[in-house]
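Have a look at the structure below before the remarks.
Values in this text are rule-based calculations from the coordinates and carry no lab data. Remember, predicted model here, so these are calculated numbers, not experimental data. All Cβ positions, even for glycine, are placed from backbone atoms using ideal geometry, and neighbour counts span all protein chains on display.
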Amino acid sequence: MATIGIVYYSMYGTTFELAQTLAEGVGKAGGEAHLRRVPELIPDEVLERSGAKEAQEPQADVPLAEVDELPDFDGILFGSPTRYGNAAAQLQNFLDQTGPLWTKGALAGKAAGFFTGTATIHGGHESTILTMSTFAYHHGMVIVPAGYGIEQINSTRTGGGPYGPTHFSPMGDESKQGLSDDEIEIARQYGMAFHSVAEKLRS
């Protein structure tokens, strides 16, 4: 059984939904998933005006991520909504604090995976995962892609692709629709596959 950390930032809750679904997949594979949210950097009054403060309330019980805890995980999944084709500043700020782990090689050889979401279908699903993945290269981690082994990746019309689980959350009223069936299945199966790789690497 591998222990998987799921470190994420979610402003409006959809990346959190993906994180939870990934955790289900890890658990279904016999692993142990630990959700960790990175600290918010936006002032409360700005979050309240945008409606994000209320959307983040369901995440209140998720422990904050700590850099020193990362080596305790056998594999780590990193998630963030896209910001201009890149990870949100909140997640990037957390990753930027892992220098002491890098100097020790504390994450080398561990499995790494990435997930994201965008408000437009071509708004950065792939580029955000690719830009987040440079973190894993520098730490010597083993990047685990989704590939095409998950059937729904070939048929999805929303999120999810060979780079990893993603969510398409269109602007407007539809943005509250939650994950699509394909997105749920892709994330769940990817969580199972990720656990399998992390477990083999640990052995």
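The figures follow:
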{"read-out": "Partners for Lys110 among aspartates and glutamates (Cα-Cα distance below 19 Å; same-chain residues under 8 apart left out)", "value": "Glu32, Glu66, Asp68, Glu69, Asp72, Asp74, Asp96, Glu199"}
{"read-out": "Electrostatic dipole magnitude of the range 22-95 [Cβ: Lys, Arg +1; Asp, Glu -1; Cα centre; debye, to 20]", "value": "380"}
{"read-out": "Residue among Arg49, Arg37, Arg83 with the largest mean-square fluctuation in a Gaussian network model of the chain, springs linking Cα atoms under 10 Å", "value": "Arg49"}
{"read-out": "Ranked by how many other beta carbons lie within 10 Å on average, peptides 9-21, 145-157 from highest", "value": "9-21, 145-157"}
{"read-out": "Inter-centroid distance (Cα atoms) of the range 43-89 relative to the range 121-183, Å", "value": "17"}
{"read-out": "Most fluctuating residue given options Ser127, Ser169, Ser50, as computed from a GNM of the chain linking Cα atoms under 10 Å", "value": "Ser50"}
{"read-out": "Long-range amide H partners of Ala112 with built H, under 5 Å", "value": "Ile76, Val142, Ile143, Val144"}
{"read-out": "Rg to Rh, two decimals, where the chain supplies the alpha carbon set and Rh follows Kirkwood", "value": "0.94"}
